[in-house]
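Enquirer: Just dropping this structure here.
The values are calculated or read from the model by the stated rules, or taken from the named source; none is laboratory data. Since the model is a prediction, treat every value here as computed from it, not as a measurement. Neighbour counts are summed over all protein chains in view; Cβ atoms, including those assigned to glycine, are modelled from backbone coordinates with ideal geometry.
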Amino acid sequence: MSDLQHLSQQELLGLALDAFKREDNGRALAYLKEAGAREDASSQILFMLGSEYAQIGMIPEAKAILNKAALALPALPLARFQLGLLHLSTGELDQARSVWQPLLDLSATSPASYLQCFAQGLLDVSTESWDSARAALQEGIALNTENAALNKDMQGVLDRMAAMASATTSQATMPEANTPADPAPATAELEASHLFISAYKHRGKPH
């Protein structure tokens, strides 16, 4: 590993992808760190490095790398979406909204308009605006034809919302004596920290 500095970005990327295939995440991370520290770090390298940091729980490092990718590479909206999600997952609603603003401002004809819907839907979830959250997430799923894993995760959010609504309805019809004295807040099941976006596992070309 001492000769990593002699390898090109493309070589490091290829080695990282191969290491991921062999489930050697430690070696893959070493390749990504070497490539990501260079001035010519590619969008794919930065995205993968930030995603890997998020995957292993290094949230501050993930935020820093994904912020670099989002600012330097506006053509990579998924990096911006992941960065906003990280802020949301740590309770930083204002920061998430700020990071996502360029996505929220996308036109309806943008290829990344599904990310606009997902960002708005998750922000609505965080403020318990259930109807608008449901509509936005469903629209995003319908628009997203390039990232099936992300659709699966957003459908998971919708499923949890439906389960919560059903539980709330059932609880409302129970006799008062059986109603818990201190019911958990409705948002507990949908806190952003419970969301795990499969796109973090995306080892290939980021969309």
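Enquirer: Name, by its number, the condition in (1) farther than 18 Å from residue 138 by Cα; (2) of a type in the set (A, V, I, L, M, F, W, C); (3) in contact with a Gly (Cβ under 6 Å, 6 or more places away or on another chain) that does not hold for residue 64.
Expert: Failing condition for residue 64: (3).
Enquirer: Quick check on my filter: what residues within the stretch 1-43 are surrounded by 13 or more Cβ atoms within 10 Å (Cβ to Cβ) and in a loop (DSSP other than H, G, I, E, B)?
Expert: 7, 24, 38, 41, 42
Enquirer: Starting from the stretch 41-58, take each residue that is among the charged types (D, E, K, R) and list its partners that are not in a helix (DSSP H, G or I), counting only C-beta distances under 9 angstrom and pairs at least six apart or across chains.
Expert: 52/58
Enquirer: State which residue is farthest from residue 33 (Cα to Cα) when the search covers only the stretch 53-76 and only residues that are surrounded by 24 or more Cβ atoms within 10 Å (Cβ to Cβ) and modelled with pLDDT of 90 or more.
Expert: Checking each candidate, the answer is 66.
Enquirer: Anything in the stretch 150-190 that is of a type in the set (Gly, Ala, Ser), at pLDDT 85 or above and loosely packed, with under 13 Cβ neighbours inside 10 Å? List them, or say none.
Expert: Step one: of the stretch 150-190, the residues of a type in the set (Gly, Ala, Ser) are 156, 162-163, 165-167, 170, 172, 177, 181, 184, 186, 188.
Filter again for at pLDDT 85 or above, leaving 156, 162-163.
Once the filter is applied, which keeps residues that are of a type in the set (Gly, Ala, Ser), at pLDDT 85 or above and loosely packed, with under 13 Cβ neighbours inside 10 Å, the stretch 150-190 yields 162, 163.
Enquirer: Out of curiosity, is residue 82 assigned to a helix (DSSP H, G or I) and within 21 Å of residue 32 (Cα to Cα)?
Expert: Numbers: assigned to a helix (DSSP H, G or I): yes; within 21 Å of residue 32 (Cα to Cα): yes.
It is true that residue 82 is assigned to a helix (DSSP H, G or I) and within 21 Å of residue 32 (Cα to Cα).
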